[in-house]
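Nothing in this text is a laboratory measurement; each read-out follows from the coordinates by a stated rule. All values derive from a computational prediction rather than experimental measurement. Ideal geometry is used to build each Cβ from the backbone, glycine not excepted, and the neighbour counts take in all protein chains shown.
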Amino acid sequence: MKQGVKKVIIDFQDHQIPVYWTDERRGTIELLIQVLERKLESGRDLVKRFLSTIDSIEIEGSEAILYSSRESGTLALSLY
């Protein structure tokens, strides 16, 4: 793991998901959870399906990069 990278486990849809980030802004993880919940309620079907299969999340700047072993590719969500 790169130096300065933080890791936290969040609970989302009854799954524990590791989140990695270097951002020093306060409230980044809380904001991530709010965005995920909002996308789960009002996102497109592709986004909702991806959200149900998240394996891990990496926050890079103002984006959350979602990784899933069951879906091809990654999904980027804007946090700010």
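Tabulated data
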| read-out | value |
| --- | --- |
| Centre separation in Å (Cα based) which lies between segment 44-69 and segment 1-37 | 12 Å |
| Most mobile of Asp23, Asp55, Asp11 in a GNM of the chain (Cα contacts under 10 Å) | Asp11 |
| Globularity index of segment 6-78, i.e. its alpha-carbon radius of gyration over 2.2 N^0.38 Å | 1.01 |
| Length gained when the stretch Val47-Arg70 is fully extended (0.36 nm per residue, less Cα-Cα span) | 7.0 nm |
| Packing-based exposure ordering (other Cβ within 10 Å, fewest first) of Tyr20, Tyr80 | Tyr80, Tyr20 |
| Footprinting exposure proxy for Val35, Val5, Val19 (fewest neighbouring C-beta atoms within 10 Å first) | Val5, Val35, Val19 |
| Point-charge dipole on Cβ atoms (K/R +1, D/E -1) for the chain, about Cα centre, debye to 20 | 60 debye |
| Relative contact order (%) - the chain, alpha-carbon pairs under 8 angstrom, separation at least six | 24 percent |
| Charge context of Thr53, other residues only, Cβ under 11 angstrom, K/R +1, D/E -1 | +1 |
| Angle between the chain longest axis and helix 28-42 axis [Cα atoms, degrees, rounded to 10] | 10 degrees |
